[in-house]
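Step one of this worksheet: look at the structure below.
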């Protein structure tokens, strides 16, 4: 196992996926998460078309996707804040482990997304 694959590193950082209506909604949510230190960094992917099933209907919407870099202990707080700020009844908030990250990047995310 290399230092990039150590269990300690793999437990520290999460990338949280959040979709939102176009940039006028996504950008303020992204800014709030960084300002409140719930995320170290947020990248917005613009002009995304999403399809999802809601009940029996398949809905298609223009959205933005935010890639939120945070530390594992902040995931629950980040998700709660997204639910407060988000216009959807059930916003998408999915946390993925960041496996094999550069130790310096992991340290930066951990420091910036700390309470």
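Computed quantities for the displayed model
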{"read-out": "Residue list for the range 12-37, restricted to those being farther than 17 Å from residue 50 by Cα and assigned to a loop (DSSP other than H, G, I, E, B)", "value": "36, 37"}
{"read-out": "Residue match in the range 92-105 (condition: touching a helix residue (DSSP H, G or I) at 6+ places or on another chain (Cβ under 9 Å), surrounded by 16 or more Cβ atoms within 10 Å (Cβ to Cβ) and modelled with pLDDT under 90)", "value": "yes"}
{"read-out": "Total residues in the range 24-51, condition loosely packed, with under 15 Cβ neighbours inside 10 Å and modelled with pLDDT under 90", "value": "2"}
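The values are calculated or read from the model by the stated rules, or taken from the named source; none is laboratory data. Worth saying up front: this structure is predicted, and the values here are computed from it rather than measured. Note that we place each Cβ from the backbone using ideal geometry, even for glycine, and neighbour counts take in every protein chain shown.
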